[in-house]
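Here the structure is laid out as structure tokens; the discussion comes afterwards.
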Amino acid sequence: MNHYAVRKYIIGSLFVLFSVILLARLLYIQVIDTSYKLSAENISRRFIIQYPSRGIIYDRNGKVLVYNEIAYDLMVNPWQLTRFDTTELCSILDIPVQQARDAIQAAKDYSKYKPSIFLKQVSPEAFAVLQERLFKFPGFYVQPRTLRVYPAKIAAAILGYVGEVNENVIKKSTYYHMGDYIGISGIEKSYEYYLRGRKGVNIYIVDVHNRIKGPFQNGRFDTIALAGNNLTSTIDEDLQAYGEKLMANYRGSIVAIEPSSGEILSLVTSPSYDPSLLVGRKRTVNYVDLMRDPSKPLFNRALMAKYPPGSTFKMINGLIGLQEGVIVPGTEFSCSRGYHVGNFTVACHPHVSPLNLPQAIQNSCNAYFCNVFRRIIDNHQLGDTKSNFNTWRNYVMSFGLGKKIESDLPNELSGNVPSSRYYDKYFGVHGWHSLTVISLAIGQGELGITPLQNCNVAAIMANRGFYYPPHIIKSVQGQPDIDPKFKIRHNTAINPMYFEPIVQGMDASVNAGGTSYIAHIDGITVCGKTGTAQNPHGKDHSIFIAFAPKDHPKIAIAVYIENAGFGATYAAPIASLMIEKYLTHAIKRQYLEDWLLKTKIEYGPER
């Protein structure tokens, strides 16, 4: 083979090799690597997400609690950016130049080809100016959004707030992308699926100056946004606003429930905050301020605070005693300023003696219920101490205590009803007996109950032995009914006939000179029970639970006022005013309202 023949084969081989490389590269660019296709599409097309309006939230009477107003997010696509007058853009938006530079760098770090938010919630005034000059800023465009508006500025803890999704949410759900919003707390979180609606998208053709020239393929691939479902809550706006007004100077909570349905009429936690503070561009700053506030306005005391129930728990012990047959309604016990065993005493206030069960509730006698509790635990005809204690605990938990009620509001605590295992571990297997845990007789010790749970106890008393799970939503637009679990009737382990003497005692407590007499309302038979919860960090907490009217009850209520002393001092009058407001739509005892509004309790730092 001569020299020229060899050269021919070498050159041919090189052509073949280069052709293979070129074809492989084209295959990689066009089939495997989509970045070039993506960048080309982003240059010629603009995908504008159509964000749906979130559902409107109403109160039980059709009053608007939350609605939407238009807002605009300024978006940036780094791939389309060219040199522009940063100073002019920042002047229109009223932001520092460095903020603009940081936002552009953040967008580049997120993606070179995907748009992201440059500035949230541009004001309508700035938007009007920007719209005319947007052609000067290639790579930028405006994305319509909506913001939540709270006309009454109440019920922040109930309604919750909306915030931008984080990476964890994006990883768990294909629906959400960077810059999307999601319910963070309250109803906004619990009913996010219904409230959020469904996003749409419009695809446009843009020219080299980033100006929209028309819809892509006449809108063939566009999808419309579907607004979120409207919700009707169980809340009574007037009652909620009145409760927040009464609680303005106090720390604590109010929960009111319609006993016949489990619908929450009002849920007040105090201190609270204006829900509009967590809307818009200042949301982050305001959230940090609220977090740092020593009074903890973001802490929902109605669902997340755990207190001893105090004397309000005596009614449950009385019911267990009746059910176990260790007492009857007429059983009497004496009280000489307390319950005494040797050198051990559980003190009690002065009152007539001896007392039967209804009278013991009327006068909130500690000695009576210490006797009842010891008869339950020490009833060796039924079992030993531990088995009797476990029986007692099972009765208590049938009232929805010691576990989550599973309402439709997030972050509800379960509370605590101590187990025999707890005492075995603390005192030793044979190291405790009824007197060791006698504080449980009067609702103290290791018992922990949330205000929502104690209001549910009041609803159980009103219903004479059963409850429906407390819930905050009455109906969802487009849905045939609410979650079926809220229609399930839960019966306690107590025979309904035993509730009558308990209700009789609650009636006498308010209307026959008992410890709750301050809650009396002319023309309405209120049945109630005061309580005082011991507080290791300061003055005791004031507690009151009640329902009204006595027959065919329409409202059950629990009020907790922190560091306010006896239940009759603050909690009972606040509860009675709430009952009066709901049942009569007016307040006749103006003197009582004026006193509560003018009185202030000095609170130190939260501990």
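The values are calculated or read from the model by the stated rules, or taken from the named source; none is laboratory data. Please read these numbers as outputs of a predicted model, since none were measured by experiment. Cβ atoms come from the backbone with ideal geometry, glycine included; neighbour counts cover every protein chain shown. Please note that ligands, DNA and RNA were not included when accessible areas were found on the heavy atoms of the full protein model with its side chains. Shrake-Rupley method; radii C 1.70, N 1.55, O 1.52, S 1.80 Å.
Among rounded, prolate and oblate, which fits segment 363-495 when a ≥ b ≥ c are the square roots of the eigenvalues of its C-alpha gyration tensor, a/c under 1.5 means rounded, and a/b larger than b/c means prolate? Prolate, since a/c reaches 1.5 and a/b exceeds b/c. Per residue, the Cα convex hull of segment 181-258 amounts to 185 Å³.
If you count, for each residue, the other Cβ atoms within 10 Å and average over each peptide, how do 399-405, 409-415, 580-586, 229-235 line up from highest to lowest?
Numbers: 399-405: 20.6, 409-415: 18.1, 580-586: 16.0, 229-235: 23.1.
Ranked from most to least packed, the peptides come out as 229-235, 399-405, 409-415, 580-586.
Can you pull a Stokes-Einstein diffusion coefficient for segment 306-378 at 20 °C (1.002 mPa s), Rh from Kirkwood over Cα pairs, as a whole number of µm²/s? Value of D from the Cα-based Kirkwood radius: 174 µm²/s.
Under a 5 Å amide H cut-off, with hydrogens placed 1.01 Å from N, residue 50 pairs with 200, 201, 202 among residues at least 5 apart or on other chains. Rolling a 1.4 angstrom probe over segment 56-187 with all protein chains present gives an accessible area of which 52% lies on carbon and sulfur atoms. For the Cα trace of segment 93-179, dividing Rg by the Kirkwood Rh returns an Rg/Rh value of 1.01.
For the chain, just say rounded, prolate or oblate: build the C-alpha gyration tensor, square-root its eigenvalues into a ≥ b ≥ c, call rounded for a/c under 1.5, and beyond that prolate if a/b exceeds b/c, oblate if not. Prolate, since a/c reaches 1.5 and a/b exceeds b/c.
Amide H contacts of residue 555 (H built 1.01 Å from N, in plane; Pro and chain starts excluded): 548 sit under 5 Å, all sequence-distant by 5 or more or on other chains. Anisotropy class assigned to segment 162-201 is oblate, per the alpha carbon gyration tensor with a/c at or over the 1.5 cut-off and a/b no larger than b/c.
Measuring between their Cα centroids, segment 127-159 and segment 301-364 lie 59 Å from each other. Scalar couplings 3J(HN,Hα) for segment 195-201, obtained by applying the Karplus form with A = 6.51, B = -1.76, C = 1.60 to θ = phi - 60°, are 6, 6, x, 9, 5, x, 8 Hz; x denotes Gly and Pro.
Taking only complete DSSP H runs, can you tell me which helices of the chain stretch 30 Å or more along their own long axis by Cα positions and average at least 0.0 on the Kyte-Doolittle scale? All intermediate terms of the calculation are to be shown ahead of the outcome.
On the way: long enough: 3-27 (36 Å, 1.50).
The qualifying helices are 3-27.
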